[in-house]
Amino acid sequence: MADGVVEGVTHDRYAAVRDVFEANLASGADLGAAFCATVEGETVVDLWGGWADPARTRPWTRDTIVNVYSTTKTMTALTALLVADRGELDFDAPVARYWPEFAAAGKADVKVSHLMSHSAGLSGWKEPIAREDLYDWEKMTRLLAAQTPFWPPGTAPGYHALTQGYLVGEVIRRITGKSLGTVFREEIAEPLGADFWIGLPASEDGRVAELVPPAPGTTQAEVRGQTEIQRNMANNPGIHVDETKTRAWRGAEIPAAGGTGNARSVAEIHAILANGGVAQGRRFLSEAGCRKALELQIEGEDLCLAGPARFGLGFGLAGGAVPLPNPNSMYWGGYGGSLIIIDMDARTTFAYAMNRMVGTTQGDTRAFGLAMAMWAALGIS
């Protein structure tokens, strides 16, 4: 690995996927990256390569992990689906059933499903927030509970970039008595031996790849002519990539953006959903509990991202911003380029994680090119 070459395994049928992965690194589109795919619960592609730092002193190895930003949201959603499947959470119930303080400021009728589908009208904090406030769970949730929504809940989608993790996480905490990161670790990650963390222990810091920020002028926060809602979501407190190098960020539970893992962990965890609730021979959810994620909650122009959205319970659905060949599919991506695609028809998961970030998904073909190579190998068009 001294030269940052590609390593890992690819079943013969998926050899073209390795070609695409190698081309991304050779062209410089990727600095360091990983891609993993599962089919029928079996890991059929598991690739990694390149460099974990821009100075090219640390190869990206099998056990390299990286902050995947909003791909973390899928772990939060899966944890909520798990708690709901065992009867402790009703997505159609008012949030205030579990979190009484949340009923303030006209939010008594806001449903848990609104939190899961970015339609609660709480896409950001109205009060100015400093970056260090993100590490104060009590403050973040208290402010959201007291806040008036930006728009009538349930009437339109609007990406809850940071707030969704605190909102769903606080509901889970009120139900279980444990933080979302703890429930996720104890009930999903540890049983699977999955290397994904919402709240990374300091002992793992040496394995974390260094993110390379997007080029100036390409990010959501820099878009001109933004609405008040868009400016608030993107700039209060705003995303600062260098923050991911700090112990404070890595150790905090920020369930919408702070997760640390790799493509293998993301793909193998979401094999639970792709395979009717079973992964590695263990049942985590019922099949019906998995398919709840596919239930359309809201669609239309996203008030924050200014693009088409079709949101289920915690995931983007086919027919939205990302073209998916099978209808019973869902996806989510993270700032910079990470991606997970879950196809319940083909019983597949594709996951991509990287450290060279781009500012927008438009024109970023790295992850989608890998997905297309997988679909071609599977005969899916």
GNM of the chain, Cα pairs under 10 angstrom: of Asp195, Asp12, Asp90, the biggest fluctuation goes to Asp12
J(HN,Hα) series, the stretch 272-288, from Karplus relation 6.51 cos²θ - 1.76 cosθ + 1.60, nearest Hz, glycine and proline x | 4, 6, 5, 10, x, x, 10, 9, 6, x, 10, 8, 9, 9, 6, 4, 4
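Could you pull out the pairs from Lys245/Lys292; Lys73/Lys139; Lys139/Lys292; Lys111/Lys245; Lys73/Lys245 whose alpha carbons sit more than 27 Å apart here? Don't skip to the answer; put the middle values down first.
On the way: Lys245/Lys292 36 Å; Lys73/Lys139 20 Å; Lys139/Lys292 31 Å; Lys111/Lys245 36 Å; Lys73/Lys245 20 Å.
Over 27 Å apart, Cα to Cα: Lys245/Lys292; Lys139/Lys292; Lys111/Lys245.
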Out of Gln280, Ile298, His270 - ranked by how far each Cα lies towards the positive end of the dipole of the stretch 264-303, with unit charges on the beta-carbon of charged residues - the top one is Gln280
Among Ser70, Ala34, Val9, the residue whose Cα sits farthest towards the positive end of the charge dipole of the stretch 1-118 (+1 at Cβ of Lys and Arg, -1 at Cβ of Asp and Glu, taken about the Cα centre) is Ser70
If you place +1 on the Cβ of every Lys and Arg, -1 on the Cβ of every Asp and Glu, and leave all else neutral, what size is the dipole of the chain about its Cα centre, to the nearest 20 Debye?
-> 360 debye
Just subtract the alpha-carbon distance of Asp90 and Thr246 from 0.36 nm times their residue separation and send over the number in nm, one decimal.
-> 52.5 nm
For the stretch 86-92, Karplus-derived ³J(HN,Hα) couplings (6.51, -1.76, 1.60; θ = phi - 60°; whole Hz; x for glycine and proline) come out as 8, x, 8, 9, 10, 5, 7
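I'd like the trypsin sites (Lys or Arg not before Pro) in the stretch 153-256 restricted to DSSP loop residues with at most 11 other Cβ atoms within 10 Å, sorted by number.
Counting only loop positions with at most 11 other Cβ atoms within 10 Å, the trypsin sites (Lys or Arg not before Pro) in the stretch 153-256 are Arg224.
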Whole-Å distance, taken between Cα centres, linking the stretch 1-77 and the stretch 249-322 | 20 Å
Phi to ³J(HN,Hα) by Karplus 6.51 cos²θ - 1.76 cosθ + 1.60 over the stretch 28-41, Hz, x for Gly, Pro | x, 4, 10, 8, x, 6, 9, 9, 9, 9, 10, 9, 6, x
When the chain is treated as a GNM, springs tying every alpha-carbon pair under 10 Å, which of Arg291, Arg97, Arg131 comes out with the largest mean-square fluctuation?
-> Arg131
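Roughly how many Å² is the accessible area per residue of the chain, as a whole number, for a 1.4 Å probe? Present the calculation step by step, with values, prior to reporting the outcome.
Numbers: 14150 Å² over 381 residues.
Ligands and nucleic acids excluded, the figure is 37 Å² per residue.
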Which of Pro100, Gly334, Ile188, positive extreme of dipole for the chain (C-beta unit charges) | Pro100
If you roll a 1.4 Å probe over the chain with all protein chains in place, what percent of the accessible area is carbon or sulfur?
-> 51 percent
Can you list residues whose amide H is under 5 Å from Phe150's amide H, if they're 5+ apart or on another chain and H is modeled 1.01 Å from N?
-> Leu122, Ser123
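The values are calculated or read from the model by the stated rules, or taken from the named source; none is laboratory data. Computed from a predicted structure; not experimentally measured. Cβ: placed from backbone, ideal geometry, glycine included. Neighbour counts: every protein chain shown. Surface accessibility is based on the protein's heavy atoms, side chains included, excluding ligands, DNA and RNA. Shrake-Rupley method; radii C 1.70, N 1.55, O 1.52, S 1.80 Å.
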